[in-house]
Structure formats: C-alpha cells, structure tokens
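Report on one structure; see the data block that follows.
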Amino acid sequence: DAGITQSPRHKVTETGTPVTLRCHQTENHRYMYWYRQDPGHGLRLIHYSYGVKDTDKGEVSDGYSVSRSKTEDFLLTLESATSSQTSVYFCAISEESGAIWEKLFFGSGTQLSVL
Amino acid sequence: AQSVTQLGSHVSVSEGALVLLRCNYSSSVPPYLFWYVQYPNQGLQLLLKYTSAATLVKGINGFEAEFKKSETSFHLTKPSAHMSDAAEYFCAISSGGSQGNLIFGKGTKLSVKP
C-alpha cells in the first residue's frame, strides 16, 4: 500500500473556526490532491499540487486553501468552517511520472463534521 | 468538458449472479477511463483503467470493462458476484496530461445477497 497518512481521522468543529487537515506521504510522489466525498456527488477535486509551492484549484475550491512547503506534506485549510463543509476528505497522490491518469493512491480519509 | 454518468446509484445482485455496473462518458478528446472501488471506511482503490490500448480491460478481483466508443460506454462486469464484492464503485474520466485531473461519477453501491 502507498504510504499516505491523513490526520486527523475524525474531527468535530464549530462553524466559524479554522480547521487544517494534513496529508503526509512517504512515496516522494510529485502530485498530491484533496478531494471531498459527499453522498450523491461522488468525489470532487478541491485543490491539487504539482510540486513544492505549486498548487492549483479544482472544481470546488471556494472556502478552502492549501499549502505544500515540503514534498511529503499537503495541508488543506478551511479558514472559517461552515456546515456545508461537513464531508469526508480524501488525500490522493500520483506517480512521480506526473501522469495523473497512471494511478491515484488514496488515503483513508478524514471525517469532518462542522456543527 | 468531460463527464461520466453512472446509471443506478444502487445495484443489488445475488451471490453468483452477473454484476453489471453502467458508466457512460462524454468527452471531446480521446478519454482515459477508470473504475475505482471503495470498501466501507476506506479510500478508493483502482480496479482497472483504459488508456487507448485494448478495448477490453481486465482488472483485479475478476472484474473487466469494455470501452465502446460508438456507445460512449465503459461498463464494468464480473461473471459471478461474491459477497466480498459489496462496495461502492466509481467510474472516472481524464483527458490525460501531467496536470489533468480525474472527474468521478457519483458512484454505484453494489449489494450482494446470499
């Protein structure tokens, strides 16, 4: 299995508070992604990174920011959490070749509840 | 723009029966197509992928899918369902390229009855 660790695994927070989710990989893969999974919507891309300090927006980036200061870590921040951001968040990585379509490896997910 | 549509959010089959999960795509360029599986409380795992080689693609756990350009389809099949196949299955599409990204369907939950 690919070495991807997401933390925390579960989090409950209140509306308006900042939240940071962490994705850590030990594979030295260049590409990292944050998805959210909601019933009836499948997975939707929030942000992705194609290298240290290189990030770009995905389909549902509003209300989220990301940072990647090291190859192994990709942080997702909700500056001011809202109830609509209650979801399961998945981090994914792809091969060093950079071809996204080669294969994505997924972490185990973070269940976030915003009350 | 690319998209995939999975027909049926929930499919139920008996153990030993044929599994057929439907996926239709829309793409203005030759697509790359994927099926992922998600077991309860886990992340997604790649089942198989089509990247313009053979149109019949074999994956793990006895699953296969056939790319049919004329029907814009990439349906997933397995001849005989096992209880362990119960999971959610996602079809996904990509235009390729180093900065392309995958677009996922909404998922089909497969139940297997004993």
Which numbered condition residue B:101 fails, given (1) under 15 Å from the mean Cα position of the chain (by Cα); (2) within 12 Å of another protein chain (Cβ to nearest Cβ): (1)
Scan of region B:1-38 for residues that are within 22 Å of residue B:58 (Cα to Cα) and of a type in the set (Val, Ile, Thr), ordered by number: B:4, B:5, B:11, B:13, B:19, B:37
Check on residue A:31, buried (at least 18 other Cβ atoms within 10 Å of the Cβ), in contact with a strand residue (DSSP E or B) (Cβ under 9 Å, 6 or more places away or on another chain) and either at the interface with chain B (Cβ under 9 Å from one of its Cβ atoms) or closer than 22 Å to residue B:88 by Cα (or both): yes
Scan of region A:53-82 for residues that are away from chain B (no Cβ under 14 Å), touching a Lys or Arg at 6+ places or on another chain (Cβ under 9 Å) and not in a strand (DSSP E or B), ordered by number: A:53, A:71
Pick from region B:5-31, criterion closer than 20 Å to residue B:72 by Cβ and open to solvent by less than 20 Å² (accessible area, probe 1.4 Å), ranking: farthest from the chain's Cα centre (by Cα): B:31
Looking only at region B:32-64, and only at residues there that are open to solvent by less than 60 Å² (accessible area, probe 1.4 Å) and part of a loop (DSSP other than H, G, I, E, B), the one that is modelled with the highest pLDDT: B:63
Qualifying position, being touching a residue at least 24 places away in the same chain (Cβ under 8 Å) and at positive phi, among B:41, B:61, B:24: B:61
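The values are calculated or read from the model by the stated rules, or taken from the named source; none is laboratory data. These figures come from a predicted structure and were not determined experimentally. Here the Cβ is made from the backbone with ideal geometry for all residues, glycine too, and neighbour counts use every protein chain on show. Remember, those area values only see protein heavy atoms, side chains included, never the ligands or the DNA or RNA. Shrake-Rupley method; radii C 1.70, N 1.55, O 1.52, S 1.80 Å.
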